[in-house]
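Written out below as structure tokens is the structure these notes cover.
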Amino acid sequence: GLRDSIGRMRIGQKLLLLGAVYTLLLAVPTGLYLMKAAAELSASARERAGIDVVERSLATIQAVSNHRSLSAGAVAATLAGKPDAALSAERESARKAADAAFAALGRGLAPAGGRAGKGYAAAPETWKGLPAAIDGRVMSVTDSHARHTEVCAALLALLESVLDQYRLTEDPEA
């Protein structure tokens, strides 16, 4: 039987047979481990890309919020008949920073596509025209605040989509 067959084998053949058996025994757990490691690396790369987009989203929200604060002061001063040139210059600088933040966010979302990329259009559309309306003195402080808040709300909705798309709200240990 099998015992006799093994007994007739030379030592090299016996060692080769043992090596083949151990290789088979180790192949399955090693393959499973490598598949798990590859999945974790893929998730890590996806999360790193998502964190970049989250940072850009938060920077845009901060820039719009800063513009909202400066606009409130500038509009109030103008309506009171005491326009403040320094405040207006600072608000213009904040507008440029917000425009740059929107552009950077758009570039960050371009490779993402998906729901987050599609949701991006709402935020810049809400922002577009807002600084010009403030410059044209066609809105009150309350209206300016409300419009800026709409932009921030659109950006927060976008941020939620980004968090979902990149699965940044999932617990990797669960």
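The values are calculated or read from the model by the stated rules, or taken from the named source; none is laboratory data. Source: prediction; values computed, not measured. Positions of Cβ are generated from backbone atoms using ideal geometry, with glycine treated the same way; all protein chains shown enter the neighbour counts. Side chains included, ligands, DNA and RNA excluded: accessible areas come from the protein's heavy atoms. Shrake-Rupley method; radii C 1.70, N 1.55, O 1.52, S 1.80 Å.
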Quiz item: Condition test on residue 48, is it open to solvent by 100 Å² or more (accessible area, probe 1.4 Å) and of a type outside the set (Gly, Ala, Ser)?
Solution: yes
Quiz item: What are the pairs, 6+ residues apart or on separate chains, where a residue within segment 141-165 that is more than 20 Å from residue 129 (Cα to Cα) has its Cβ under 7 Å from a residue that is of a type in the set (D, E, K, R)?
Solution: 161/115; 165/115
Quiz item: Looking at residue 26, is it open to solvent by 90 Å² or more (accessible area, probe 1.4 Å) and at pLDDT below 90?
Solution: no
